[in-house]
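Worksheet for the structure shown next.
The values are calculated or read from the model by the stated rules, or taken from the named source; none is laboratory data. Quick caveat: nothing in here was measured; it's all calculated off a predicted structure. Here Cβ is always computed from backbone atoms with ideal geometry, including for glycine, and neighbour counts include all displayed protein chains. Surface areas here come from the heavy atoms of the whole protein model, side chains and all, with no ligands, DNA or RNA. Shrake-Rupley method; radii C 1.70, N 1.55, O 1.52, S 1.80 Å.
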Amino acid sequence: HVVVTDANFAVVERMAHWQAAWGMINDRPWLGFGAGNYPAAYAAYALAGWKEPLGHAHNVLLNVWAETGLVGLAAYGLFLAASLWTCWRTAQRQTHASLAGDRRAAAWFARAVALGVLGVLVGKMTHEMLDNLWVHSMGVHVALLLGMVSALDAPPRLR
């Protein structure tokens, strides 16, 4: 019952998609509608005046839950937690290595990269409360960043 204006359009549109996602979640909370099926299920849950599915719910957690249910949401949560933990652990290990004096410059660089990737992940997760950033090959970018952090934390190889 909100009057849509130029000033509130983006907020009202997001809220309409969030409400549609909640409807999907209420109907299929455990397994959802299937990965990538938010747009296909949207028509049955769309509010009047908001018929265009736009491809996602404008909130990644609601979108993942609507598409993959609690099972998928838990898996996504574990992925995020493991990613954040890996970055934090790598930064901490490199701090201890630099304090010990061995490989001081390399440890400083590795710590900076790990904290930078941690910042990217936190920024991405924050932005995803209002939009879906898993577009335009973002998965490849995140995978490369996490691969970099993992490589920095790997034990040195013997030659």
Practice problem: May I ask you to give the percent of accessible area on segment 80-127 that is carbon plus sulfur, with a probe radius of 1.4 Å? | Solution: 70
Quiz item: What are the DSSP H helices in the chain that stretch 15 Å or more along their long axis, judged by alpha-carbon atoms, and whose average Kyte-Doolittle hydropathy comes to at least 0.5?
Solution: 60-100, 104-127, 138-153
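Can you list the equivalent-ellipsoid semi-axes of the chain, largest first and in whole Å, using the square root of 5 times each Cα gyration tensor eigenvalue?
Here the semi-axes work out to 40, 17, 11 Å.
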Quiz prompt | Choice from E67, E13, E52 with maximal GNM fluctuation in the chain (Cα, 10 Å cutoff) | solution = E52
Quiz item: Can you give the calculated 222 nm mean residue ellipticity of the chain, where each DSSP H run of n ≥ 4 adds -39,500 (n - 2.57) and the sum is split over every residue, rounded to the nearest 500 deg cm²/dmol?
Solution: -23000 deg cm²/dmol
Quiz item: Once the piece of chain linking L80 and L61 is laid out straight, how much longer is it, given 0.36 nm per residue of separation minus the C-alpha distance between them?
Solution: 5.7 nm
Self-check item: Accessible area per residue, Å², the chain with all protein chains present, probe 1.4 Å
Solution: 61
Quiz item: Just how large is the dipole of segment 30-159 about the Cα centre, in debye to the nearest 20, putting +1 at every Lys and Arg Cβ and -1 at every Asp and Glu Cβ?
Solution: 680
Quiz item: Relative to the present Cα-Cα distance, how much length would full extension add between V122 and E52 at 0.36 nm per residue of separation?
Solution: 22.2 nm
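By per-residue mean of other Cβ atoms within 10 Å, what is the highest-first order of 14-20, 74-80?
Numbers: 14-20: 19.6, 74-80: 13.1.
So the order, starting with the most tightly packed, is 14-20, 74-80.
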Quiz item: In whole percent, what relative contact order does segment 48-149 give with Cα contacts below 8 Å and a gap of six or more residues?
Solution: 35
Quiz item: Based on the Cα coordinates of segment 52-125, what is the per residue volume of their convex hull in Å³?
Solution: 78
Practice problem: Could you estimate the translational diffusion coefficient of segment 1-86 from the Stokes-Einstein equation, with Rh from the Kirkwood formula over C-alpha pairs, at 10 °C and 1.306 mPa s, in whole µm²/s? | Solution: 118
